[in-house]
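Step one of this worksheet: look at the structure below.
All of the numbers you see were taken from the coordinates with simple rules; none came from a lab. All figures in this text were calculated on a predicted structure; none of them were measured in a lab. So basically every Cβ, Gly included, is an ideal-geometry build from the backbone, and we count neighbours across all protein chains shown.
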Amino acid sequence: MIIAVDGPTASGKGTIAKALAAHFGLPHLDTGLLYRAVGRQVQLAGGDPDNAQDGLAACTFSDALLDDEILRSEEVGGFASRVSVHPAVRQALYDRQRAFALQAGGAVLDGRDIGTVIAPEAEVKLFVTASVAERARRRWLEMKGRGIAVALADIERDIAARDERDTGRKDAPLMAAPGALVIDTTFLGREQAIEVAIEAVLTVQNGFPGLRIRPFEDSLAGDFHDINAEWIEAMFRLEPTDREVLEHPHEKIIAPGGEILFVEAEGLGIVGTCALQKTGPGAFELTKMGVRETARGMKAGEFLLEAIIARAKAMGATKLYLLTNHICAAAIHLYEKLGFAHDAGIMAEYGARYERCDVAMLYVGR
Ligand code: C5P
């Protein structure tokens, strides 16, 4: 299995990648280190990091350089970011990264373009991010711990400049690969973030062949509506609260800080969807979960549910709940299997939202 972990500097991607490698017994490559070695080599040779020729010449750095502690300095990080803009440098480092990704048994790679360029076929793609202020604070603490005195404001400025260069460059810009699970670590503890990542890998390992998760985009709003209208109308009747959400998914779910995911099946297209509606600080209602009849037996619902639970955790959910009706027995069985439990408190607080609601469940974990 190939696991791609991308994200900006000091987002926690290296920590997550290392933890995943240890947990699943996979080799790990910190690809930033390769760019840092090139940046350092340019510096040693007295070259100009903004010059493509100097950058390319430095790609023949000796492997011993990779162990040099100085590569981890902010100064070398800045050089790395500048040399990494040159397509010739990226091309020169491509084969080495690609070979690492393709080794038998799989690998974990972290960087900026692993899920988009180096290994677009990666079974697991994570995009780890955090606010600039939080990343600057982490880097500042780390440097302070190493006895290096620097002003927080300077670090913040450097990080913002590096982000801009990494996301704005033409060749392999920093961005989340399509379908990547975005983990925002701004308010997530180290252990929580690692747990989310491990669960994402387990979801894939548990084996859901031919299925993949797609994030919300406006062109999928019709699928969101139709899939949900199909099952709600077959079992109940569409209530005004359903209509509002189904007809305006962006306005009612995405804009207020929620999420909609889809499951796509090979050869069938979009076969299922579900949403996380934000109902308070840290509180999310899992709602509008439907899978088309045509996809029965493919475990698409389970795959989707695992993905949305992982997503809720990544978004810092402290209360994840759902409301349903006892006639949805198969779905309730699945909710129980994946960690939801019947909860009277949720019923008392939110049960009146739907006429059809006579079951309320809270996520308590497995
Ligand atoms: O991740 P790290 O901060 O060590 O990376 C240093 C620099 O190398 C980044 O700012 C980025 O410009 C570049 N880089 C890249 N592609 C990668 C890894 C790192 O362009 N896959």
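Each residue, Arg72 and Glu336, gets one label point 7 Å from its Cα in the Cβ direction; the gap between the two is 5.0 nm. Compared with the direct C-alpha span, the chain from Ala99 to Ile148 gains 14.0 nm at full extension, assuming 0.36 nm per residue.
Roughly what % antiparallel, to the nearest 5, for the DSSP beta bridges in the chain?
Working: 26 of 45 bridges.
Here the share of antiparallel DSSP bridges comes out near 60 percent.
For the chain, a crude dipole built from +1 on the beta carbon of Lys and Arg and -1 on the beta carbon of Asp and Glu, taken about the Cα centre, is about 580 debye to the nearest 20. For the chain, the equivalent ellipsoid built from the Cα gyration tensor has semi-axes of 43, 21, 18 Å, listed from largest to smallest. Restrict the search to segment 210-301; then list the trypsin sites (Lys or Arg not before Pro) that DSSP places in a loop and that have at most 11 other Cβ atoms within 10 Å of their Cβ. Sites meeting the loop and neighbour criteria: Arg237.
Take the alpha carbon gyration tensor of segment 2-205, find the square roots of its eigenvalues, order them as a ≥ b ≥ c, and report rounded if a/c is under 1.5; if not, report prolate when a/b exceeds b/c, else oblate. Oblate, since a/c reaches 1.5 and b/c is not below a/b. Note on the chain: helix-only mean residue ellipticity at 222 nm, from DSSP H runs of 4+ residues weighted -39500 (n - 2.57) and normalised by residue number, equals -13500 deg cm²/dmol. Note that segment 70-84 has calculated 3J(HN,Hα) couplings of 4, 4, 7, 6, 4, 4, 5, x, x, 4, 4, 4, 6, 6, 6 Hz, one per residue in order, obtained from phi through the Karplus relation 6.51 cos²θ - 1.76 cosθ + 1.60 (θ = phi - 60°); glycine and proline are x. Remark: spin-label model distance Gln205-Gln192 equals 2.4 nm, labels positioned 7 Å along the Cα→Cβ axis. Ranking of Phe216, Phe303 by neighbouring Cβ atoms within 10 Å, starting from the fewest: Phe216, Phe303.
The spacing between segment 161-193 and segment 196-212, judged by their C-alpha centroids, is 21 Å.
Using a/c under 1.5 as the rounded threshold, could you call segment 285-365 rounded, prolate or oblate? The axes a ≥ b ≥ c are square roots of the C-alpha gyration tensor eigenvalues, and prolate needs a/b larger than b/c, oblate otherwise. Note, shape of segment 285-365 comes out oblate.
Based on other C-beta atoms within 10 Å, arrange Lys170, Lys13 from fewest to most.
Values: Lys170 7, Lys13 28.
Ordered from fewest to most neighbouring Cβ atoms within 10 Å, Lys170, Lys13 come out as Lys170, Lys13.
Would you kindly state how much longer the chain becomes between Ala88 and His326 on full extension, computed as 0.36 nm times their sequence separation minus their alpha carbon distance, in nm to one decimal? The partial results should precede the final answer.
Numbers: separation 238, 0.36 × 238 = 85.68 nm, distance 6.07 nm.
Net length gain for the segment: 79.6 nm.
Comparing Leu141, Leu286, Leu56 in a Gaussian network model of the chain, where Cα atoms under 10 Å apart are tied by springs, the biggest mean-square fluctuation is seen for Leu141. A straight chain from Ala160 to Glu251 at 0.36 nm per residue would run longer than the Cα-Cα distance by 29.8 nm. With neighbour counts taken as other beta-carbon atoms within 10 Å, the residues Tyr321, Tyr94 rank, fewest first, as Tyr94, Tyr321. Computed from backbone phi, the HN-Hα couplings of segment 332-348 come to 4, 4, 5, 4, 5, 4, 9, x, 8, 10, 4, 8, 5, x, 5, 4, 5 Hz, rounded to whole numbers (Karplus: 6.51 cos²θ - 1.76 cosθ + 1.60, θ = phi - 60°; Gly and Pro given as x).
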